[in-house]
Structures are given as structure tokens and as C-alpha cells.
1. Can you tell me how region 281-327 classifies by the Cα gyration tensor, rounded, prolate or oblate, using a/c under 1.5 as the rounded cut?
2. For region 310-349 and region 359-390, write down the distance between their C-alpha centroids in whole Å.
3. Quick one: accessible area per residue over the chain, 1.4 Å probe, rounded to a whole number of Å²?
4. Which of the pairs Lys25/Lys148; Lys226/Lys325; Lys30/Lys226; Lys325/Lys400; Lys25/Lys325; Lys94/Lys226 have their Cα atoms more than 31 Å apart in this structure?
5. Given a 1.4 Å probe and every protein chain left where it sits, what share in percent of the accessible area of the chain is carbon and sulfur?
6. For Ser339 and Tyr287 in the same chain, what is the full-extension length gain: residue separation times 0.36 nm, less their Cα-Cα distance, in nm?
7. Express in Å², to the nearest 10, the accessible area of Glu82 obtained by rolling a 1.4 Å probe over the protein heavy atoms while all chains stay in place.
8. Determine, for each peptide in 49-62, 360-373, the mean count of other beta carbons within 10 angstrom over its residues, then list the peptides with the highest first.
Amino acid sequence: MIEIQTLPFLILLVGAVITIAILTKAGMSKIGLPALVGYILLGFLFRLLDAQFPFLSPQVQEIFEFLAELGVISLLFRVGLESNLTALIRQLSKASTIWIGDVVVSGGLGFVTARFLLGLPLIPSLFVAIALTATSVGVSVGVWQEAKAIYSENGQLMLDVAEMDDISGVILMALLFAVAPAIHLTGTLSVIPVFAQTSGIFLFKVIIFGAGCYFFSRYLEAELTKFFRQIEPPPDPMLEVVGIAVIIAAIAGILGFSVAIGAFFAGLLFSRDAETVKLEASIASLYDLFTPFFFVGIGLKIAPDALMTGLGFGAILLIAAVLGKVIGAGGTAVFTTGSTGAVLLGVSMIPRAEIALIVMRRGHHLGDWAVSSQVFAAIVVVCTVTSIIAPIILRSLLQKLPQTQSE
């Protein structure tokens, strides 16, 4: 329980984070950088202040962890909501080759770098590999929109591949969360049988959960959203949708996945309903309210004494992160889009943020055997730097290589 005298300070701190986050978002936008960079730096600043003037009591940290979890749900729900599975299936033949090359090369290069260059154990190397397969499409999309190129052929292909990256990243993340504890308990010598047994149980749960989600999407979702729109004017219907999403996220957590996986599935369930997607703008304020707490929480978890090692690891992993996308996505895209499209696509895939950080945050929660403070700090460095440099390079490329936008 939180002590009475702690509550006013906690409320003050939460209010300060919300206020500073809004100012940070505006400031980052002015200089052309993603807001998440400012949020992470804000969290790290709090960590440094706490080292000098302790104010992050266990109770305060617990509340911040809860708010960060709501931020995770907001992030993944929006990712799922903005995914267009029907369009992805139509573009599968064109985008799948690039996506496969992207995931295999970026993940493989990340694993080799972590395991053999940095000498990390098997499980941390797997966390690094899966984190580096993901792409933060939101970072690059803004640049494409600014250049009025998002509806060009290459712009749409970039969106399709990035969405497939997100979906595969979430699936790989869920599988890793399921098998990592079992591998840790039994040792690396029994990896294959443990992986087979644990993944089998995991797939059974996925089938049960997926069947329930399909039933809800097929028979209940449209009627529910229609009912919500009839009884309340906007934005209340979207708040009802968000409430259902939180329930689905909680069920996924109870089944042993994570609330992040459940939130993503919830977004996918409602993405098929055009009317619901139209209401998506009404959750923007909720998204802006809770999402900063996730990134601030990431900054809070960066241990200052682990930062120097993390910077060294991060510099090496940064090279792997950049080459993984440039070679994996760009190299494969040459055969589909030509050299111009390949360069643009490879650079657009470089940023890592939301899903990569969610993977590492969950691994950090498991303990140092999964993700140590140094490895955690290293991936934060990779996410921060790629989110800064990729938009700058991409903006310059789109000016030199303008794309024709479809009507």
C-alpha cells in the first residue's frame, strides 16, 4: 500500500511527467526528432536525480511500472489497429520476399554479433536478435508523409514490409517469452527438446486464444461497436473499444503470453471494422497520455553504472542494426524495386523503437540471465541513435530521389 504522505508527491510526479511529456513532444517535433528520444532522456534524467536526491520509492516505481504497462498496451493496440491484414494479404507476394530477407538477415546478424562478437550467452543473444528484427515504422512514415511520397509505390511497399515486420516481431517475441524461462532452467544442452515441448504448449495456447479472438471478431465485434455508437456519441464508443482491448490484453497475460501480445491482437480484431478505425483519432489523446510513461520507464531502467558498457555494446550492435536492415531489406528489394527503391526501403527500415524496447523491457524483467543492464542500455542506445539518424538520411534521400505519389 502507498503511504498517505506519498500520494501527494506521486500525483505531483505523474502530473509533472504528463506536462513535460507534452512539451517534449512539441520540442522534438520542432527539431525533427521522434518524441520517444526525449521521453527516454527524461526517464534517464529522473534516474540520475534519484541517485542524488532519492525520490523514487518502491511504491512510486510500482505505480510508474503500472502506467508503463498501460503505455505498452496503448502502443501495441495502435500498431494492431493500424495494420491492414486484407491489404497485406494482397501485397504478400510482392512484400514477402523483402520481409523474409529483412527478418532473417537483421535477426541473424544481430544474433551473430551478440553471441560471437560480444560474447553474450544464448538467451540474451536471442533477445537482441528478435529486438533487431523489428522496425519502428512511425519514425519513417512521418518523413515519407512530409515528402508527399507515402502513397507512392515504394512508400506503400515500405508500409507493407514494416507492418509485416511488426507482426512477425510480435509473434517471435511471444515465442521467445514462452521458451526462454524453460531453456534457462534446463540449460543450453537441452535447447532442442525444451524448445519443441515449450513451443508446442505455446502454439496450443495460441490456437485457443486465436480461436477466441476470431470468434469475437467474426460474430461479436461489429455488433458491439454498432451498439456502442448507438448508445453514446463520440468519443465514448472508442473508450468502450479501448476497455475491451485492455480486457483482451489481460486475458493474454493470464494465459502466459503478455499484455503486449493481447493488446496487439485486440488492435487486429478491430482493424477489420472501417467504422472503428475512423474512431481511431479519438484515442490519440489516450495514446499521448500513456505512451510517454513506457518510454520514460525505459529511461528509468538505464543504470548509470551500466551505461558505459552499454555504450560500447551499443556501438557494435548499432552497426549490426544498420547493416541488417540495409542488406536484409534493401538488398532483397533490389530485385523488386530497383536500386532507388532498395536504398529508400533499406534506410526506412533502420529505426528501432517500440517493439524492440518492449522485447528488451520484458527480458530485463526476467533478470540478468535474459537481459542484463548493459545489454538493455545497449539496445536503448541503438533505438535512440537509429531513430535520430535514419529520418535525417531518409529526408535527404527523398529530396534527391523524389517519388511519384498515386492519386
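The values are calculated or read from the model by the stated rules, or taken from the named source; none is laboratory data. Please read all numbers here as calculations on a predicted model, not as lab measurements. Every residue, glycine among them, receives a Cβ derived from its backbone with ideal geometry; neighbour counts consider all protein chains shown. The accessibility values were calculated without ligands, DNA or RNA, using every heavy atom of the protein model including side chains. Shrake-Rupley method; radii C 1.70, N 1.55, O 1.52, S 1.80 Å.
1. Oblate.
2. 19 Å
3. Dividing the accessible area of the chain by its residue count gives 45 Å².
4. Over 31 Å apart, Cα to Cα: Lys226/Lys325; Lys30/Lys226; Lys94/Lys226.
5. 69 percent
6. 15.0 nm
7. Looks like 100 Å² after rounding.
8. Highest-to-lowest ranking by the protection proxy: 360-373, 49-62.
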